[in-house]
1. Determine the gain in length on full extension of the stretch residue 43-residue 227; use 0.36 nm per residue of separation and subtract their C-alpha separation, reporting nm with one decimal.
2. Please say if the range 210-269 is rounded, prolate or oblate, where rounded means a/c under 1.5 for a ≥ b ≥ c the square roots of the C-alpha gyration tensor eigenvalues, and otherwise the choice is prolate for a/b larger than b/c and oblate otherwise?
3. Using a/c under 1.5 as the rounded threshold, could you call the range 98-166 rounded, prolate or oblate? The axes a ≥ b ≥ c are square roots of the C-alpha gyration tensor eigenvalues, and prolate needs a/b larger than b/c, oblate otherwise.
4. In terms of modelled amide H atoms, which long-range or inter-chain residues lie less than 5 Å from the amide H of residue 234?
5. Mind checking which helices in the chain clear 20 Å along their axis (Cα) and have mean Kyte-Doolittle hydropathy of 0.0 or more, DSSP H runs only?
6. Of 61/261; 92/115; 31/73; 46/72; 2/169; 110/259, which pairs sit farther than 25 Å apart, going by alpha carbon to alpha carbon?
7. Explain nothing, just compute: Karplus ³J(HN,Hα) = 6.51 cos²θ - 1.76 cosθ + 1.60, θ = phi - 60°, for every residue of the range 228-237 in order, whole Hz, x for Gly and Pro.
8. Based on the Cβ-Cβ distance from residue 19 to residue 203, what FRET efficiency comes out when R0 is 41 Å, to the nearest 0.05?
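Readers should treat all values here as calculations from the given coordinates under stated rules, not as data from a laboratory. Here the structure is a predicted model, which is why all the values come from computation and not from measurement. Because the Cβ atoms are built from the backbone with ideal geometry, glycine has one as well, and the counts that use them run over all protein chains shown.
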Amino acid sequence: MKIFKSFNILNKEIDFNENIGFVPTMGSLHKGHLSLIKTAKKKSKKVLVSIYVNPTQFNEKIDFNKYPRNLKKDILILKKEKVNYLFLPNNKEVYKKGINKKINISKKDKILCAKYRKGHFEGVLAVIKRFLQKIHAKYLFLGEKDFQQIFLIKKYLQKEFDTKIISCKTVRNNNYFPLSSRNKLLTYQSIKNSEKISKLLFNLRLRIKKNPNSIKLIKIYFEKINLLCNKIEYLEIRNINNLSKNISKDNFKIFIAYKQKNVRIIDNV
């Protein structure tokens, strides 16, 4: 596995005329990341993974500082997975020209996480744009746990680049709880409560699929979930195609963000 720390050297060493799959991560790798890598290996000739904890997408410095990091372990995992290339840029490399040209999202898109994490998606779009300007991969692989993130990247960036965005299914544990690097910050009891929340979400989804009028039960489910966490930021049912509230039993997802103590958890089912 070749490791690069600058865009210039990366572009000298990698032939992007080949079928290259790109998997951007913030490290602290888990089975969800490995699923993205395995999908990339099936679809691409060679795979490039990046590890970069992007400061512009964090609302609070304390959240950025406590984000789980374990680079040595990540490198061992990537070598075991036979990843071809690893990109490890620092802040100066990514934001050489500063972050003045932020991408502003429209008012109608400031929903769900964009409503509660002001500036978060602007930061995500900024870093993905910088990567795609320099990394001319054929495919970009992203996990659907961050469904709104994928939606906004497609909406605001896809037309600018030839790189095709591939959405990959959320990876969950045996009790339906989605895998996330932040899960390492949770206590045992918080994980158990979150697993119960995930099961409630799947149960509500099943009921709505069988009978769309079951959407009215969302208030009851809100109360049940509220007993299992410290705070619910939002619990909403939205159209998977445009994130509007205009849904049918065949085109919806249930979106949630909640906190277990000081750890923020998102999911969609």
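1. On the way: separation 184, 0.36 × 184 = 66.24 nm, distance 4.29 nm.
That pair, residue 43 and residue 227, stretches by 62.0 nm at full extension.
2. On the way: a/c = 3.12, a/b = 1.63, b/c = 1.92.
It is oblate, given that a/c is not under 1.5 and a/b is not larger than b/c.
3. On the way: a/c = 2.05, a/b = 1.36, b/c = 1.51.
Note, shape of the range 98-166 comes out oblate.
4. Under 5 Å from the amide H of residue 234 lie the amide H atoms of 257, each far enough along the sequence or on another chain.
5. On the way: long enough: 120-134 (22 Å, 0.33); 188-210 (34 Å, -0.64).
Span-like helices in the chain: 120-134.
6. Working: 61/261 18 Å; 92/115 29 Å; 31/73 13 Å; 46/72 22 Å; 2/169 28 Å; 110/259 20 Å.
Beyond 25 Å: 92/115; 2/169.
7. Values per residue, Gly and Pro as x: 10, 8, 7, 6, 9, 7, 7, 9, 9, 10 Hz.
8. Numbers: r = 41 Å, r/R0 = 1.01.
So, using R0 = 41 Å, E works out to roughly 0.50.
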